[in-house]
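No lab work stands behind these numbers, since they all come straight from the coordinates. Note that the structure is a prediction, hence the values are computed from the model and not measured. Cβ sites come from the backbone with ideal geometry, for glycine too, and all protein chains shown count toward neighbours.
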Amino acid sequence: MSKTLRIVFVCSGNICRSPLAEGLARQLFAEAKIPAVVISAGTLGLNGRSAATHTVTTAAEIGVDLTRHRSQGVNIALMRMADRIVVMAPRHEDELLRSDRSLAPKIVRIWEYARAPGEPALSHIPDPVGKDIETFRHARDLIQTALNAWIKTMRA
């Protein structure tokens, strides 16, 4: 794959799930030798906020540094330039498509890649905001599993 992919991870506030996915994906794409520019954004339009404390902690546990992350809101022009838009829940997809139906072919429902064989399908990646660190670890592990599976499909 020679073209550099432009990937945007989208969640609600851009302080929990999507920053973690962005940081981890950056590492995984580099390891897979897939050229990619990776960013994240949130549908709530929060700008300039640090990642949640538990997000920073649980990311660091797997070697991802989110100390410099600052949230940004979804920008439809940016979404139009993306090759893939990775959403954490159906509501994120719905909101993007309300703004621009032409984004549909770019959307990746990351939760569809998060289940282990024999487990039931997920309906979203749960938002850990405001919850305990174990809830953040669970979300992190789902995102990590999903990203590993999704990126494998890109190498095929």
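So, with +1 on the Cβ of K and R and -1 on the Cβ of D and E, and no other charges, what is the size of the charge dipole of the chain about its Cα centre, to the nearest 20 debye? Please list the in-between numbers first.
Details: 21 positive and 15 negative charges, 105 e Å.
The calculated dipole for the chain is roughly 500 debye.
Amide H contacts of Val108 (H built 1.01 Å from N, in plane; Pro and chain starts excluded): Ile85, Val86, Val87 sit under 5 Å, all sequence-distant by 5 or more or on other chains. In the chain, the calculated helix contribution to ellipticity at 222 nm averages -12500 deg cm²/dmol per residue, counting -39,500 (n - 2.57) for every DSSP H run with n ≥ 4. Taking only the Cα atoms of the stretch 72-156, the radius of gyration and Dmax are 13.9, 39 Å. A simple spin-label model places pseudo-atoms 7 Å from Cα toward Cβ; at Asn75 and Gln27 they are separated by 2.8 nm.
The label point for Glu134 and the one for Ser99, both projected 7 Å from the Cα toward the Cβ, are 3.6 nm apart.
Count the lysine pairs in the chain whose Cα atoms sit under 22 Å apart, keeping only pairs 8 or more residues apart in sequence or on different chains.
Details: Lys3/Lys33; Lys3/Lys106; Lys3/Lys152; Lys33/Lys106; Lys33/Lys152; Lys106/Lys152.
Eligible lysine pairs with Cα atoms under 22 Å apart amount to 6.
Across the chain, the mean sequence separation of Cα contacts (distance under 8 Å, 6 or more residues apart), normalised by length, yields a relative contact order of 25 percent.
What value in Å³ per residue do you get for the convex hull of the alpha-carbon atoms in the chain?
Values: hull volume 17.3 nm³, N = 156.
Hull volume over Cα atoms, normalised by residue count, gives 111 Å³.
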